[in-house]
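One structure below.
The values are calculated or read from the model by the stated rules, or taken from the named source; none is laboratory data. Predicted model only: the values in this text are computed from it and were never measured. Cβ atoms come from the backbone with ideal geometry, glycine included; neighbour counts cover every protein chain shown.
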Amino acid sequence: MKKLPREVYILGAVSLFTDIASEMVYPLLPLFLTGVLGASTLVVGLIEGIAEATASLFKVLGGRISDRIAARKPLILLGYGFPALLRPVLALAVAPWQVLTFRFLDRVGKGLRTAPRDALIAEVASQDTYGRAYGLHRAMDSLGATLGPFLAFLLLPVLGFRGVFWVSAIPAMLATLIVLFLLREKPGLARPLPPLRLSAFSSQYRWFLLVTGVATLGLSSNAFLILRLNDLGLAAAQATLVYTAYNLLYALLSYPLGSLADRLGARRMVLLGFGTYAFVYLGFGHSSAAWHGIVLFMLYALYSAAFEGSSRAYLAQIIPATEKASAIGLYHTLVGLLLFPASAIFGFIWQHFGSSTAFFTGAALAFAALVLFWLDPTSKSGYTS
């Protein structure tokens with residue numbers, strides 16, 4: 001088996017430490033805002049909405065700048081380093097607008113780094129190792145997302161909210177130092193780029209954007225899955241434990257499924273992801289006992305592990321080398337922006353027609369995406385690849 005480049009491991013370590021830092025903070029923010037700073041739930045929703053929209057919009061910008069300067073490391077360093085330096089803003093916050101400032105600038109960093117990072121992985125790895133490379137990165141990222149809340153759980157009774165926020169700066173700075181001193185690349189020559197137009201990309205790439213858009217409209221926030229667990233009889237603490245187990249299983253499955261994508265083809269693994277997503281949502285719609293929800297949540301980890309890494313590997317295969325980061329950034333921006341109406345539609349259907357109807361709708365859109373991808377008229381290798 002071909003060895004992965006050192007840059008893949010370095011970027012995996014960077015994501016591991018960054019997610020530890022982020023997930024130490026993220027689950028505590030709503031409680032900190034409402035319980036310490038006196039913010040309303042409306043303010044909490046507004047802050048998170050602005051934060052996620054910012055990350056989505058800046059992903060295409062980060063990719064475009066990276067392609068323009070023909071370098072990845074400067075954007076990666078800025079994207080990881082800038083949020084790490086902002087931790088004191090959160091730890092010292094005495095008003096909700098200061099938390100908003102932190103979340104906004106933190107998500108700017110995430111937006112700027114995502115496409116250059118994924119593009120660098122595609123550039124240093126060979127095409128026959130894309131699945132393993134992205135799978136390893138997703139595994140380390142998800143492991144950080146598992147360790148972060150666990151550390152927060154342990155430290156919160158001892159240090160309080162602000163103490164946890166200060167400690168989260170340690171893994172964030174470690175990630176920045178790894179990028180600064182260990183990550184290497186050979187930058188190309190800066191060059192002007194034509195205006196970003198969908199028509200400039202391949203029909204295969206545009207079809208995948210369409211398919212992913214359909215699938216994303218059926219996805220809900222993970223908060224709705226946790227809420228469904230609560231409806232099925234699990235207490236809040238138990239539901240949180242199931243979510244932690246989901247993140248851990250996601251981390252454990254990402255690399256093996258990425259390796260499988262290299263052997264079977266990334267396209268087949270994307271199809272497996274869509275199929276699993278449809279099955280899980282169909283199951284949540286029919287579920288009537290707590291153990292149903294637990295099993296389905298663990299199967300959802302299979303979807304996440306199969307789709308997230310393989311979709312990146314598939315993207316890397318069908319986008320042009322000269323605008324790799326731009327294409328990846330545009331993809332992430334589309335997905336990020338569509339998640340807003342997706343969750344809003346899901347919540348509306350749940351409220352007015354019941355949770356089962358909401359999950360059945362998501363399953364139908366996932367199945368539609370699977371069929372569209374299976375019948376992709378632009379794929380050179382047809383639906384059998």
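Numbers for the structure displayed
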quantity	calculated
Test set (1) surrounded by fewer than 19 Cβ atoms within 10 Å (Cβ to Cβ); (2) part of a helix (DSSP H, G or I); (3) not acidic (Asp, Glu) - Val94 fails condition number	(2)
From Leu252, Leu234, Leu229, Leu248, residue being in a loop (DSSP other than H, G, I, E, B), farther than 22 Å from Ile318 by Cα, of a type in the set (A, V, I, L, M, F, W, C) and in the same structural domain as Gln351 (by TED's automatic domain parsing)	Leu234
Cβ-Cβ under 7 Å pairs, at least 6 apart or on other chains, region 196-223 side of a type in the set (D, E, K, R), far side in a helix (DSSP H, G or I)	Arg206/Leu198
Cβ-Cβ under 7 Å pairs, at least 6 apart or on other chains, region 336-359 side at pLDDT 85 or above, far side among the acidic types (Asp, Glu)	Ser355/Asp231
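So that you can scan it fast, the table gives a plain yes or no per residue for (1) surrounded by fewer than 24 Cβ atoms within 10 Å (Cβ to Cβ); (2) in the same structural domain as Ser221 (by TED's automatic domain parsing); (3) under 18 Å from the mean Cα position of the chain (by Cα):
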{"position": "Thr276", "(1), (2), (3)": "yes, yes, yes"}
{"position": "Val280", "(1), (2), (3)": "no, yes, no"}
{"position": "Trp291", "(1), (2), (3)": "yes, yes, no"}
{"position": "Leu302", "(1), (2), (3)": "yes, yes, yes"}
{"position": "Ala313", "(1), (2), (3)": "no, yes, yes"}
{"position": "Lys324", "(1), (2), (3)": "yes, yes, no"}
{"position": "Ala327", "(1), (2), (3)": "no, yes, yes"}
{"position": "Val335", "(1), (2), (3)": "yes, yes, yes"}
{"position": "Phe348", "(1), (2), (3)": "yes, yes, no"}
